Amino acid sequence: MADTDPAPEIAAAPSPAAVAPPKRGTTRRNILIGTGAVGGLLLGYAVWPRKQRLNWVAGPDESRINGWLKIGTDGRVIVAVPQAEMGQGVYTALPQILADELGADWNTVGVEPAPLNPVYANRGMAADATKKMPALFRGIANWGIGEVMSRFEVQLTGGSSSVRAYEPTLRLAGAAAREMLCKAAARRWDADPEDLDTANGFVIYKANRIRFADIAGEAAQEDMPSEPTLRSPSKNRLMGKAVQRIDIPAKTNGSARFGSDVRLPGLVYAAVRSGPTGDPALTGANVAAARAVPGVLDVVKGPTWVAVVGTSWWLANNALDAAAPQFAAQPKPAGPWMAKALRDGLDTGEIAVAQDEGDAAALLAKPGTITATYSVPFLAHACLEPMNATARITDGHVEVWAPTQSLTLATWAVSRALGIEDKDVTVYPTLLGGGFGRKVEVDCIVQAALIARATKRPVQLIYSRAEDIAQDKFRPAAVARMRGQLEPTAAGKRVGAWGARIAVPDPAWSMMRRVMPSFASDAPKAGAGSIEGAFDLPYDLGAVLAEHALVDLPVASGIWRSVGHSFTGFFVESFIDELAHAAGADPFAFRLALLAGSPRHAAVLRAVMRLGGPLGIVEPGVARGIAIHESFGSIVAVIAEVAAKPGEITVRRLSGAIDCGQTVNPNIVAAQVEGAMLFGLSAALTGDIQFEGGRTTATNFDGAPLLSMAQAPVTQVVIMPSTAPPGGVGEPGTPPVAPAVANALFAVTGKRFRDLPLVGKV
């Protein structure tokens, strides 16, 4: 349908590959911070540049002690948090680390989102990619990647990295501040600073006590200590304690503000309609019909979408139906054919070897090889808060309020789309109503900025539920061919050869070409990164061959909770169970024998057995299954207790054990593992996104159902004591759930369930 009257148009953006991240301006006023021995960790970075402006500003009633801490005259201890709070507890765990070293009173601790600055870059994102390197090379690689992250100011929440990335820095920041407070107080009391200490918000010297608030101004003038001394574990007062979460009161009394809660003077509301997956061009829209709807203020067209702007979101969204947008035909739109393409891809796709030890190929070619093929579908993120963003442009400066997982990527995206420098973009992060990787993406943020420019008004864009599902960046579907050879030993059979070939699109490349195009290759490539969790396993598997078969499908894929581990955990742990059955061994004992060289994994496995109870048939129609998986620096084992009868699956209990290294807040750890297990259970039972004609068949939660409260099982979690460095906790609980449920179903039905979702297959 042709346009019937003019509407603002958005020109196509330049080719992503041709656009580099804009350089950051240095015009914002503040003090110059040099980098010394501790400055590289506390306040800056060591290579690019040697000095950096710190733009975290102290108010008139605040003293900024360093780049991570301010103390107010009213006694408030304010910690800068550079990570997005999406329910995972970073607004508590990160301040808790600093407050512990500082000696703060937890009742006085608050947070502020850290602004975009190299100081706050997530330097720890490389930890998983480099963990198998020799110690020396790993240290060099982590340092180098960290420098790059700082150079490009990459503030990104993902990969369960928050505590792992920032714990060392926050400890040093707290320790340095403590020493500065003690030095300032020692000057007043004519005492040796070494004789002073802090506790519960006071500096203490013998019978003398002074509040942080009363000495903070003087402390801020002290020199930053080059090598602050960390507290001994015995003096830790907050680490490992279940202190109250900072974000909970506001979330329970309704004062918490999420993206769609933003209100600005003169705010108008927008709804958007995009084409099928693959971003086909917008070919027509009945602009006149949309404008005729009462309350419609404007219609804005982009290259692949059309938006209606109105006095309320509801009428704007309804007016899109009147616009009846049309999109270009696709040569081969996403549809049911993709399932066969994945299975064919096991033999026809581009193959990359992730691990090749021993003569696995030859051993697996021998008679007696056990083979099984598994599959998982596309999955949506299904955040309860749909994508949204609010944008305002004033005198060429763009302000954006959004629930984003990355200030950096959002800033770059807006600057690219509008053809401006990133210094002319300010992104204010809000609380996130779920993220799971979807809110790393920048599509909604860019659209909001473009609509604000076209309409010359502050605009709030909210995706409808249908649009949120249809325009998701999906966890890719995958198919695995698993092979194993058993060999006899004096104690029974063991695994002598192991093979895994997984056909899956490359979600990292798909995401990178959208959000960091300058860093993306021209085309996807097969590689180990796409099948994380399927190689370098803790099991003693003899000869090993792990391969990625690249399959390129016309669906935008992205980062989903636990990423590749979300499907490799299902493939690996389901097949381990099959091999245990073939060996005539108990699934627990079989795994334990394979973990003889991995004592941490073995301890977690034993712990979940003590918690979850014996495996196999519990009572008629009820059985327990087990799985264990390592991801993001943590090890999680799960036992699922499942009742099954024809046409019905009921998961009665999920028991989990986690070794996440040193624990900051056990309540947060337990909550995250429980949440991750339920998230994984929802995906295992009903998660399934199908396509027809390039579009998702689901338009709401009735077509993409989530686990309901009535379906939620009893959950219980045990946290292992550990002296290892902190691991992630937000994602590792998801991968072992689906295989534990499938293994329980085998125990109760005698049938292997190799394809997800499980509902409807009993």
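The values are calculated or read from the model by the stated rules, or taken from the named source; none is laboratory data. Being a predicted model, the structure only gives us computed values, none of them experimental. Positions of Cβ are backbone-derived with ideal geometry, glycine not excepted, and every protein chain shown enters the neighbour counts.
Out of Leu592, Leu579, I need the residue that is in contact with a Leu (Cβ under 7 Å, 6 or more places away or on another chain) and without any contact (Cβ under 8 Å) to a residue 60 or more places away in the chain. Which one?
On the way: Leu579 fails: without any contact (Cβ under 8 Å) to a residue 60 or more places away in the chain.
None of the other options fit; the residue is Leu592.
Taking the stated definitions as given, is Leu745 touching a Leu at 6+ places or on another chain (Cβ under 8 Å), over 24 Å from Thr157 (Cβ atoms) and part of a loop (DSSP other than H, G, I, E, B)?
no
Residue check: is Ala99 among the small types (Gly, Ala, Ser), touching a residue at least 24 places away in the same chain (Cβ under 8 Å) and over 24 Å from Gly434 (Cβ atoms)?
Working: among the small types (Gly, Ala, Ser): yes; touching a residue at least 24 places away in the same chain (Cβ under 8 Å): yes; over 24 Å from Gly434 (Cβ atoms): yes.
Judged against the criteria, Ala99 is a match.
Give me a count of the residues in the stretch 250-294 that are surrounded by 16 or more Cβ atoms within 10 Å (Cβ to Cβ) and assigned to a loop (DSSP other than H, G, I, E, B).
11
Among the residues of the stretch 342-386, how many are surrounded by 17 or more Cβ atoms within 10 Å (Cβ to Cβ) and either farther than 20 Å from Gly484 by Cβ or within 28 Å of the chain's Cα centre (by Cα) (or both)?
18
Go through the stretch 681-715 and give me each residue that's over 23 Å from Ala334 (Cα atoms) and in contact with a Gly (Cβ under 7 Å, 6 or more places away or on another chain).
none
Scan the stretch 217-228 for residues that are surrounded by 13 or more Cβ atoms within 10 Å (Cβ to Cβ) and out of contact with any strand residue (DSSP E or B) (no Cβ under 8 Å at 6 or more places or on another chain) and jot them down. Spell out the reasoning first.
To start, the set of residues in the stretch 217-228 that are surrounded by 13 or more Cβ atoms within 10 Å (Cβ to Cβ) comprises 217-220, 222, 224-225, 228.
Those that are surrounded by 13 or more Cβ atoms within 10 Å (Cβ to Cβ) and out of contact with any strand residue (DSSP E or B) (no Cβ under 8 Å at 6 or more places or on another chain): Glu218, Glu222, Pro225, Pro228.
Is there any pair linking a residue in the stretch 139-153 that is at negative phi and aromatic (Phe, Trp, Tyr) to one that is crowded, with 18+ Cβ neighbours inside 10 Å and in a helix (DSSP H, G or I), with Cβ under 9 Å and at least six apart or on different chains, and which?
Cβ pairs passing all conditions: Phe152/Pro118; Phe152/Thr408; Phe152/Trp412.
All but one of (1) modelled with pLDDT of 95 or more; (2) out of contact with any Pro (no Cβ under 9 Å at 6 or more places or on another chain); (3) β-branched (Val, Ile, Thr) hold for Val572, so report the exception by its number.
(2)
Looking at the stretch 376-399, which of its residues are farther than 24 Å from Val309 by Cα, in a strand (DSSP E or B) and either touching a helix residue (DSSP H, G or I) at 6+ places or on another chain (Cβ under 7 Å) or β-branched (Val, Ile, Thr) (or both)?
Val376, Leu379
Residue check, Ala391 against (1) over 20 Å from Ala84 (Cβ atoms); (2) aliphatic (A, V, I, L, M); (3) more than 23 Å from the chain's Cα centre (by Cα), all met but one. Which one?
Only one criterion in (1) over 20 Å from Ala84 (Cβ atoms); (2) aliphatic (A, V, I, L, M); (3) more than 23 Å from the chain's Cα centre (by Cα) is unmet by Ala391, namely (1).
What is the number of the single condition among (1) under 30 Å from Thr394 (Cβ atoms); (2) surrounded by 20 or more Cβ atoms within 10 Å (Cβ to Cβ); (3) not assigned by TED's automatic domain parsing to the domain that holds Leu409 that Ala556 does not meet?
(1)
Yes or no: the stretch 556-565 includes at least one residue that is within 29 Å of the chain's Cα centre (by Cα) and assigned to a helix (DSSP H, G or I).
Yes, there is a match, as at least one residue in the stretch 556-565 is within 29 Å of the chain's Cα centre (by Cα) and assigned to a helix (DSSP H, G or I).
Would you check which residues across the stretch 344-360 are of a type in the set (D, E, K, R) and either over 22 Å from Ala477 (Cβ atoms) or in a helix (DSSP H, G or I) (or both) and list them?
Asp344, Asp347, Asp356, Glu357, Asp359
Can you run down the residue pairs with Cβ atoms below 8 Å, 6 or more apart or on separate chains, where the first is in the stretch 521-548 and more than 18 Å from Pro739 (Cβ to Cβ) and the partner is surrounded by 21 or more Cβ atoms within 10 Å (Cβ to Cβ) and of a type in the set (S, T, N, Q)?
Sorted first by the residue in the stretch 521-548, then by its partner, the pairs are Pro524/Ser510; Gly542/Gln485; His548/Ser530.
Please verify whether the stretch 160-180 includes one or more residues that are under 28 Å from Leu407 (Cα atoms) and surrounded by fewer than 21 Cβ atoms within 10 Å (Cβ to Cβ).
yes
When you look at Pro403, is it surrounded by 14 or more Cβ atoms within 10 Å (Cβ to Cβ) and either out of contact with any Gly (no Cβ under 9 Å at 6 or more places or on another chain) or assigned by TED's automatic domain parsing to the domain that holds Tyr428 (or both), yes or no?
Taking the combined requirement at face value, the residue satisfies it.
What about Ser510, is it surrounded by fewer than 18 Cβ atoms within 10 Å (Cβ to Cβ) and either assigned to a loop (DSSP other than H, G, I, E, B) or in contact (Cβ under 8 Å) with a residue 12 or more places away in the chain (or both)? Break it down stepwise before answering.
On the way: surrounded by fewer than 18 Cβ atoms within 10 Å (Cβ to Cβ): no; either assigned to a loop (DSSP other than H, G, I, E, B) or in contact (Cβ under 8 Å) with a residue 12 or more places away in the chain (or both): yes.
It is false that Ser510 is surrounded by fewer than 18 Cβ atoms within 10 Å (Cβ to Cβ) and either assigned to a loop (DSSP other than H, G, I, E, B) or in contact (Cβ under 8 Å) with a residue 12 or more places away in the chain (or both).
Among Ala454, Ala417, Ala480, Ala413, which is in a helix (DSSP H, G or I), more than 21 Å from Pro280 (Cα to Cα), modelled with pLDDT of 95 or more and not β-branched (Val, Ile, Thr)?
When all the criteria are applied, what remains is Ala454.
Residues to consider are Leu238, Leu297; find the one that is part of a strand (DSSP E or B) and either at pLDDT 95 or above or not polar (S, T, N, Q) (or both).
On inspection, the qualifying residue turns out to be Leu297.
Go through the residues of the stretch 436-457 one by one and say whether even a single one is in contact with a Lys or Arg (Cβ under 6 Å, 6 or more places away or on another chain), surrounded by fewer than 24 Cβ atoms within 10 Å (Cβ to Cβ) and at negative phi.
No, the stretch 436-457 has no match at all.
Out of Ala288, Ala307, Ala281, which single residue is touching a helix residue (DSSP H, G or I) at 6+ places or on another chain (Cβ under 8 Å) and among the small types (Gly, Ala, Ser)?
None of the other options fit; the residue is Ala307.
Filter the stretch 593-626 down to the residues that are within 20 Å of Phe575 (Cα to Cα) and part of a strand (DSSP E or B) and list them by number.
The answer is Gly616, Ile617, Ala623, Arg624, Gly625, Ile626.
Consider only pairs whose beta carbons are under 9 Å apart and that are at least six residues apart or on different chains; among these, list those whose first residue lies in the stretch 360-388 and is within 16 Å of Ala543 (Cβ to Cβ) and whose second residue is hydroxyl-bearing (Ser, Thr, Tyr) and in a strand (DSSP E or B).
Going by the 9 Å Cβ cut-off, the qualifying pairs are Leu364/Thr371.
Collect the residues in the stretch 276-300 that are within 13 Å of Ala323 (Cβ to Cβ) and either touching a residue at least 40 places away in the same chain (Cβ under 8 Å) or in contact with a Cys (Cβ under 6 Å, 6 or more places away or on another chain) (or both), keeping them in residue-number order. Before the answer, list the steps.
So the first thing to find is which residues in the stretch 276-300 are within 13 Å of Ala323 (Cβ to Cβ), and the list is 282-293, 296, 298-300.
Answer for the stretch 276-300, where residues must be within 13 Å of Ala323 (Cβ to Cβ) and either touching a residue at least 40 places away in the same chain (Cβ under 8 Å) or in contact with a Cys (Cβ under 6 Å, 6 or more places away or on another chain) (or both): Leu282, Thr283, Gly284, Ala285, Asn286, Val287, Ala288, Ala289, Arg291, Asp298, Val299, Val300.
Yes or no: Ile628 among the β-branched types (Val, Ile, Thr), closer than 22 Å to Leu756 by Cα, in contact (Cβ under 8 Å) with a residue 24 or more places away in the chain and out of contact with any strand residue (DSSP E or B) (no Cβ under 8 Å at 6 or more places or on another chain)?
On the way: among the β-branched types (Val, Ile, Thr): yes; closer than 22 Å to Leu756 by Cα: yes; in contact (Cβ under 8 Å) with a residue 24 or more places away in the chain: yes; out of contact with any strand residue (DSSP E or B) (no Cβ under 8 Å at 6 or more places or on another chain): no.
Spelling it out, it is not the case that Ile628 is among the β-branched types (Val, Ile, Thr), closer than 22 Å to Leu756 by Cα, in contact (Cβ under 8 Å) with a residue 24 or more places away in the chain and out of contact with any strand residue (DSSP E or B) (no Cβ under 8 Å at 6 or more places or on another chain).
Could you tell me which residue of the stretch 721-744 is farthest from Leu579 (Cα to Cα), considering only residues that are over 23 Å from the mean Cα position of the chain (by Cα) and surrounded by fewer than 24 Cβ atoms within 10 Å (Cβ to Cβ)?
Only one residue fits best here, namely Thr723.
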